């Protein structure tokens, strides 16, 4: 039996009808429809899943992931391994099983490595004065509720103009997370649950929010880029050229308050990396 063809008169080409289904699957993969399926399936009961299952879902969704463990002294999550190489590595599912077999949490690398920009909202009230919170939530492609009630992580598609981390927590109640830093997406530690509330792919930042962010980024005193301190950072006296790893708390805060910021100086790249719980 011969194949049935569809003709494209404007091009003079034709394809068999039998190719339409696999072509559709291929196109869905290109535009990112299928890559989020594993995450979508985990929305219900996300906080009750196991670490490896969650890590695999984020990897299948195109994210670079890092295993976390709880610090016995502070109770806060921190990287379980030297994670610098993971910023540039697409893990296989087998590698995920090995790296996360004793992990207590999962973080994603935000910025160019995962093709995503994050908004880590610690004060919904302050953020809402800066930009309507409900509008931001509606337009975010992925939304995770943080360990502290009311705190949110919003994810948007990556843009080079937002390629660095900026802290706007004091005045506006949030951090713009990018530049190869981390955002926690899952934890099995009691009292530090994260809940996946929405998965619709990665959407671009809406234009009005983008403009507001650009205005702040251009004037912010709290940015780090290409391993160098910019604009009067308070870490001046701690800068040692990255010759050894240092954990330097900027500010003490109660667990879950978002008040602990730690500067990690990478031994390999001399690049400052901002970490938080």
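The values are calculated or read from the model by the stated rules, or taken from the named source; none is laboratory data. Quick caveat, the model's predicted, so the values are computed rather than measured. Cβ placement follows ideal geometry from the backbone for every residue including glycine, while neighbour counts extend to all protein chains displayed.
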Residues of the stretch 32-46 being crowded, with 16+ Cβ neighbours inside 10 Å, touching a strand residue (DSSP E or B) at 6+ places or on another chain (Cβ under 8 Å) and not in a loop (DSSP other than H, G, I, E, B), in sequence order, are 36, 39, 46
Going by what's in this entry, would residue 103 be described as part of a helix (DSSP H, G or I), surrounded by 14 or more Cβ atoms within 10 Å (Cβ to Cβ) and in contact with a helix residue (DSSP H, G or I) (Cβ under 7 Å, 6 or more places away or on another chain)?
no
Would you check which residues across the stretch 47-66 are farther than 18 Å from residue 116 by Cβ, in contact with a strand residue (DSSP E or B) (Cβ under 7 Å, 6 or more places away or on another chain) and at pLDDT 90 or above and list them?
51
Need a quick list: helices (runs of 4 or more DSSP H) entirely within the stretch 130-217 having at least 2 residues that are surrounded by fewer than 18 Cβ atoms within 10 Å (Cβ to Cβ) and touching a residue at least 40 places away in the same chain (Cβ under 8 Å).
133-139, 207-217
Subset of the stretch 82-100 (residues that are under 20 Å from residue 188 (Cβ atoms), out of contact with any strand residue (DSSP E or B) (no Cβ under 6 Å at 6 or more places or on another chain) and not in a helix (DSSP H, G or I))
91
Is there a residue being in contact with a helix residue (DSSP H, G or I) (Cβ under 6 Å, 6 or more places away or on another chain) and part of a strand (DSSP E or B) anywhere in the stretch 67-81?
yes
